[in-house]
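Trainee: This structure is in structure tokens; I'll ask about it shortly.
The values are calculated or read from the model by the stated rules, or taken from the named source; none is laboratory data. Since the structure is predicted, the reported quantities are computational estimates derived from the model, not experimental observations. Neighbour counts run over all protein chains shown; Cβ positions are idealised from the backbone, glycine included. Quick note on the areas: whole protein, heavy atoms, side chains included, nothing else; ligands and nucleic acids left out. Shrake-Rupley method; radii C 1.70, N 1.55, O 1.52, S 1.80 Å.
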Amino acid sequence: MNSLFEPNTPQAPLAERLRPKALDEVVGQSHLLGVGKPLRLAFQSGKLPSMILWGPPGVGKTTLARLIANTADAEFIPISAVLSGIKDIREAVERAEHTLQQHGRKTILFVDEVHRFNKGQQDAFLPFVESGLITFIGATTENPSFEVNSALLSRAQVFVLNSLSEAELSLLLDRAQQLVAAELTITPEVREQVLAYADGDARRLLNFAEGLFNAAQGAGISEIDEAFLQTTMASKLRRFDKGGEAFYDQISALHKSVRGSNPDAALYWFLRMIDGGADPLYLGRRIVRMAVEDIGIADPRAQTMALEACQIYERLGSPEGELALSNAVIYLAVAAKSNAAYMAYNQAKAFVAQDKSRTVPLHLRNAPTKLMKALDYGKEYRYAHNEPDAYAAGENYFPDDLPPQQFYSPTPRGLEGKIAEKLAHLRELDKREINKKAKK
């Protein structure tokens, strides 16, 4: 058995010592591992496909990958997309080929944070997945539809893992206490706060519990009450106060403070979440969403600044990267606000979804061949650059059997104010051209 599996020495971290060694020890994911559920059936059949395990941190992605390797009696090669590159992929493949030739064993290649690999790196797995040399297991916290390329995604089954429920976390806390702190008691109030802090993340729960148990044993106390918790671990509990304030409530407060043009409140909520341990890049993605949804074309620089802040964080890390994100938060809060583009997108999307399929008018079709020109493709198309003011007044760009639609209504704020003036002018030119043709 691979020596990487299940270190169980007293020196190992509590989360590692409690890592399940059999499928029935896994806490959570009953929708995948319960009787008759897909992943359990795959385990039982021994025919394990390549797969993507998608879920938030601390829900068992690595544990399941290791259990799969144990069950299949396969070589287990873990690599991290954060630390690895093409060279590491090649070395893993060479190791898999050697294991197959020398020992007749297959290899499970586990790629943690697979979404961090670029398209070329992800493509490097394809021939070896197709040949059956490796069973590929990727773990990701990001939606694989967006972050894993389609070729790799089509060769792997996607299993969605859920955050652990409070009851599941409570069971893990009991196991941890029985293993390393059976002599201690925990008051219900403390237990509630510890489970709230974990926020569905088993690793966070066990790491926090380990620190709490060590502190209690070092202090020589027999009961962990709220006073002791606040004295020893209060700084780590800031994400959840006594009122049970949830992580996503703070995200909502940050978003609404930006939308409400209050830079001070926006900065407060941003730093509350950073202080509470939120992933800065998760906040970065939400900041980009705010720029797209609540500012849009009123100030297009907002999207650029939000994206650049994420890139700066990726380059510099903490704390410099967090400063860049905070700059973006402040800029977004003071920028002109408009959801006109966001509303236009939603309206156009809904219209297209319910409308029938309509053909492209002949004058808008491209005509790269003689046959297409003979069929009147592109005939009577008016090249806007050759028209007065570079605008073909009265031209129709919708299908012939569809009346012109208006989805986008710019606000008078920021750049959209000028856009609104321009569109009003162009529509007036359209009216004049249409009236001129009608008189003829």
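Trainee: Using +1 at the C-beta of Lys and Arg and -1 at the C-beta of Asp and Glu, which of Ala328, Val352, Ser150 has the Cα lying farthest in the positive direction of the dipole of the chain?
Mentor: So the residue we want is Val352.
Trainee: With θ set to phi - 60°, apply the Karplus curve 6.51 cos²θ - 1.76 cosθ + 1.60 along the range 80-97 and write out the HN-Hα couplings as whole Hz, x wherever there is a Gly or Pro.
Mentor: 10, 5, 6, 9, 10, x, 4, 4, 5, 5, 4, 4, 5, 5, 4, 5, 5, 5
Trainee: Given charges of +1 on the Cβ of Lys and Arg and -1 on the Cβ of Asp and Glu, with all other atoms neutral, how large is the dipole of the range 283-415 about its Cα centre, in debye to the nearest 20?
Mentor: So the dipole magnitude of the range 283-415 works out to roughly 300 debye.
Trainee: State the percentage of accessible surface on the range 282-413 attributable to carbon and sulfur atoms; use a 1.4 Å probe and exclude ligands, DNA and RNA. Please list the in-between numbers first.
Mentor: Details: 4600 of 8200 Å².
Carbon with sulfur: 56 percent of the solvent-accessible area.
Trainee: Subtract the Cα-Cα distance of Thr187 and Lys439 from 0.36 nm times their separation in residues, and report this length gain in nm to one decimal.
Mentor: Extra length available between Thr187 and Lys439 comes to 82.0 nm.
Trainee: Could I ask something else about it? Of Leu281, Pro404, Thr185, which is farthest towards the positive pole of the chain's charge dipole, taken about the Cα centre with +1 and -1 on the beta-carbons of Lys, Arg and Asp, Glu respectively?
Mentor: The residue sitting most towards the positive pole is Pro404.
Trainee: Calculate the spin-label point distance for Ile251 paired with Lys370, positioning each point 7 Å from the Cα along the beta-carbon direction, and give it in nanometres.
Mentor: 6.0
Trainee: Could you give the accessible area per residue of the range 127-168, probe 1.4 Å, as a whole number in Å²?
Mentor: It amounts to 47 Å² per residue over the range 127-168.
Trainee: Using θ = phi - 60° and the Karplus form 6.51 cos²θ - 1.76 cosθ + 1.60, what ³J(HN,Hα) does each residue of the range 278-289 get, whole Hz, x for Gly and Pro?
Mentor: Taking θ as phi minus 60°, the curve returns 5, 5, x, 6, 5, 4, x, 5, 5, 5, 4, 4 Hz for the range 278-289.
Trainee: Provide the FRET efficiency to the nearest 0.05 for the Ala353-His31 pair, computing r from the beta carbons and using R0 = 35 Å. Could the numbers behind the result be given before it?
Mentor: On the way: r = 29 Å, r/R0 = 0.84.
According to the calculation, E is roughly 0.75.
Trainee: From the backbone phi of the range 138-145, what are the Karplus-calculated ³J(HN,Hα) couplings (6.51 cos²θ - 1.76 cosθ + 1.60, θ = phi - 60°) in whole Hz, Gly and Pro given as x?
Mentor: x, 10, 8, 9, 9, 4, x, 4
Trainee: Run the reach check for Lys422 against lysines, Cα to Cα strictly under 27 Å, same-chain hits fewer than 8 apart removed. What comes back?
Mentor: Lys337, Lys349, Lys431, Lys436, Lys437, Lys439
Trainee: Could you state the accessible area per residue of the range 279-375 in Å², with a 1.4 Å probe and every protein chain left in place?
Mentor: Accessible area per residue, the range 279-375: 58 Å².
Trainee: Okay, moving on. Based on the Cβ-Cβ distance from Gln405 to Asp24, what FRET efficiency comes out when R0 is 56 Å, to the nearest 0.05? Intermediate values should be presented prior to the final figure.
Mentor: Numbers: r = 58 Å, r/R0 = 1.03.
In this case the efficiency is close to 0.45.
Trainee: Which value, in debye to the nearest 20, gives the size of the charge dipole of the chain about its Cα centre, when Lys and Arg are +1 and Asp and Glu are -1 at the Cβ?
Mentor: Dipole size: approximately 2040 debye.
Trainee: At 1.4 Å probe size, with every protein chain present, just tell me what the per residue accessible area of the range 1-122 comes to in Å².
Mentor: Dividing the accessible area of the range 1-122 by its residue count gives 50 Å².
Trainee: Give, in nm to one decimal, the length gained when the segment between His385 and Gln217 is fully stretched (0.36 nm per residue of separation minus the Cα-Cα distance).
Mentor: Length gained between His385 and Gln217: 52.6 nm.
Trainee: Quote the FRET efficiency, to the nearest 0.05, computed for Leu316 versus Phe398 with a Förster distance R0 of 30 Å and r equal to the Cβ-Cβ distance.
Mentor: Working from the Cβ atoms, E equals 0.05.
Trainee: Can you give me the long-range amide H partners of Ile52? Hydrogens built in the peptide plane at 1.01 Å from N, cutoff under 5 Å, separation of 5 or more residues or another chain.
Mentor: Those lying under 5 Å, H to H, from Ile52 are Gly138, Gln157, Val158, Phe159.
Trainee: Calculate the spin-label point distance for Val292 paired with Ala151, positioning each point 7 Å from the Cα along the beta-carbon direction, and give it in nanometres.
Mentor: 2.6
Trainee: Between Asp123 and Glu226, what length comes free when the chain is fully extended (0.36 nm per residue of separation minus the Cα-Cα distance, one decimal in nm)?
Mentor: Between Asp123 and Glu226, full extension yields an extra 31.9 nm.
Trainee: Excluding same-chain residues fewer than 8 positions from Lys21, which lysines have a Cα within less than 27 Å of its Cα?
Mentor: Partners within reach: Lys37, Lys47, Lys61, Lys106.
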